[in-house]
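Trainee: What follows is a single structure, and I will ask about it in a moment.
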Amino acid sequence: MSVLIIVFLTAVAALFSGVFEKGKFARYIGIFGLIVALYVSFLPEASFFEKYRLMYEYGQNTALFTKISIVTTLLLFFLGGFAFSNHRNHQSELYALMLFALCGGFVLFGYQNLVTLFLGVEILSIPLYVMAGANKTDLRSNEASLKYFLMGAFATGFLLLGIAFIYGSTGTFDLYRIHDFSTVNPTNGMFILGVVLMLCAMAFKVALAPFHMWSPDVYQGSPSLITAFMASVVKISGFYALFRLMTIGFSGVTHEWINILGVFLIITLLLANVMGLAQTNAKRMLAYSSVSHAGYIGLVFFGMNALSTYTLAFYLFAYSLSTVGVFMCLIWVEKLKRETSYGAFKGLAKSEPLLATVATISLLSMAGIPLTAGFMGKFSLFAQALSKDNNTFLVIVAVLGSAISIAYYLRLIIAMFFFKETTFKTSERVTVTYNIVAVFIIASIIALGVFPDLFAKQFGL
């Protein structure tokens, strides 16, 4: 909880820094606060917070997901100086909202109670509704904000109704007491209905089909740095919250929800990858890519073992690094070309080879090409799922979806590298900060692909 308090105070400081110099210090305040929070996340939790353990517990797994979300947010903050250059008058608000949303993610990493889960979801979601509409003069951004808000409100309704059914049947909000009830009463109709409603609500939050319909429009309409935040940090938060809910609270009725989740994954893997092939806009393609990765990540629920939490964390971190790598390239191109179609990337490797390289390695990692972190993540998930014979079909669909994804990732790589003339007629070059982040992402993706045990060592496991 110490980390949560530090990031919250940092968000408040960043918000009020907007009073001075149009908030130009907000990014530096955010970076400093996140570095302090990352340091504190490696320390034992203060005994003062023991009294709150019934609502929130900062255990080893909570610490792990807190660390990877802080690192991802730090990378995005380093890119913010260029990405938010069109938002100088209200940049402090955007940085503060990102940090407030991150606080919601922290709550989801350690909740022990369904009330805490609901609070975490709302603290995470409400800032996102505002940030999605940050481009006030852009109709797409306005549409993204409104659509995300309306669809989010429906999902919240499902979540609250599910919580009501769970409480009505168990008489408690505590996750472990709910687990005990589900073990003793695995056929309780009201309880199972609550489980299904909560599964559907959380499927919306992580963009699993058929609850993904908001994702392409919201991702395309939002400012690109906010889209990267949604596709990485929000995905980390939502999936670990879902993982805790289903594997702790509802583990006694796994037989009731696992097949429903399997259907969601099959629809997600096939639909998202086929739709990704049809896109002509890189940002919209990445939205469908994000939906497809929700399908791969969902395999963690099949063939679960003692390493499932670690496997989930590794994949989410590898995917988040790749997301930041691709979006830093997209942000640069969007600023210069005012568009994100595939044609806008033509010849990028001629003018900015490092930027094109980090995007390429990130895309190859997303596709699961060997010697990348994404390959090790997918291999671990597929191997875990195959440990149970009845999951073979699901893994085959996932492999097929992964093969399809290579096609639309290659379209962007070809546009960047295989054109003789560059279409970037400008003397403007990427900043030193951009180059440092690019080198860090390239090194991390390759290092984790070759030496996956580095992940455990770097995050204190």
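The values are calculated or read from the model by the stated rules, or taken from the named source; none is laboratory data. All values derive from a computational prediction rather than experimental measurement. No Cβ is skipped: glycine too gets one built from the backbone with ideal geometry, and neighbour counts run over all protein chains shown. Accessible surface areas use protein heavy atoms only, side chains included; no ligands, DNA or RNA. Shrake-Rupley method; radii C 1.70, N 1.55, O 1.52, S 1.80 Å.
Trainee: Rounded to whole Å, give me the distance from the Cα center of the range 130-161 to that of the range 27-48.
Mentor: Comparing the Cα centres of the range 130-161 and the range 27-48, I get a distance of 30 Å.
Trainee: Ignoring ligands, DNA and RNA, what accessible area per residue does the chain give at 1.4 Å, in Å²?
Mentor: 38
Trainee: Also, I was wondering about something else. For THR137 and HIS255, compute 0.36 nm times the residue count separating them, minus their Cα-Cα distance, and round to one decimal in nm.
Mentor: Roughly 37.6 nm would be gained on extension.
Trainee: How are the alpha carbon pair distances in the range 228-288 distributed across 10 Å bins from zero to the largest one, expressed in percent?
Mentor: Bin by bin from 0 Å, the calculated values are 19, 36, 33, 12, 1.
Trainee: Oh, and also: Take each uninterrupted DSSP H stretch in the chain, measure its Cα extent along the helix axis, and return the ones at 18 Å or beyond whose mean Kyte-Doolittle hydropathy is at least 1.0.
Mentor: 2-16, 26-41, 60-83, 91-110, 114-132, 189-205, 254-277, 308-337, 353-367, 373-386, 392-417, 432-450
Trainee: Continuing with the same structure: From largest to smallest, what semi-axes in whole angstrom does the chain give when each is the square root of 5 times an eigenvalue of its alpha carbon gyration tensor? Present the calculation step by step, with values, prior to reporting the outcome.
Mentor: Numbers: eigenvalues 225, 134, 85 Å².
Computed over the chain, the values are 34, 26, 21 Å.
Trainee: Let me ask another. Restricting things to alpha carbons, tell me how big the range 25-68 is in terms of Rg and Dmax, in Å.
Mentor: Here Rg and the maximum Cα pair distance are 12.5, 38 Å.
Trainee: To continue, here is another question. If packing is taken as the mean number of other Cβ atoms within 10 Å per residue, what is the order of 433-439, 340-346, highest first?
Mentor: 340-346, 433-439
Trainee: Beyond a 30 Å Cα-Cα separation, which of these cross-linked pairs lie in this structure: LYS24/LYS283; LYS24/LYS67; LYS335/LYS457; LYS335/LYS378?
Mentor: Check vs 30 Å cut-off fails for LYS335/LYS457; LYS335/LYS378.
Trainee: Within the accessible area of the range 1-459, what % is carbon and sulfur when the probe is 1.4 Å and the other protein chains stay in place?
Mentor: 69
Trainee: Just to be sure I understand the curve: with the Debye formula and one point per C-alpha of the range 161-292, what is log10 I(q)/I(0) at q = 0.10, 0.20, 0.21 Å⁻¹?
Mentor: Reported log10 I(q)/I(0), two decimals: -0.38, -1.05, -1.11.
Trainee: Taking each pair of distinct Cα atoms in the range 321-461 once, what is the resulting Kirkwood hydrodynamic radius in Å?
Mentor: One decimal place: 16.3 Å for the Kirkwood radius.
Trainee: Could I ask something else about it? Over 20 Å, how big is the tail of the calculated P(r) for the range 264-374, in percent of all Cα pairs?
Mentor: 46
Trainee: At 25 °C and 0.890 mPa s, grab the translational diffusion coefficient of the range 1-116 from Stokes-Einstein with a Kirkwood Rh over Cα pairs, rounded to a whole number in µm² per second.
Mentor: 169
Trainee: Follow-up. Show me the ranking of peptides 220-233, 134-147, 405-418 by mean Cβ neighbours inside 10 Å, starting with the highest.
Mentor: Values: 220-233: 25.4, 134-147: 16.4, 405-418: 18.5.
For the peptides 220-233, 134-147, 405-418, the packing ranking is 220-233, 405-418, 134-147.
Trainee: What is the distance in Å between the Cα centres of the range 235-255 and the range 280-322?
Mentor: Each part's Cα centre sits 15 Å from the other's.
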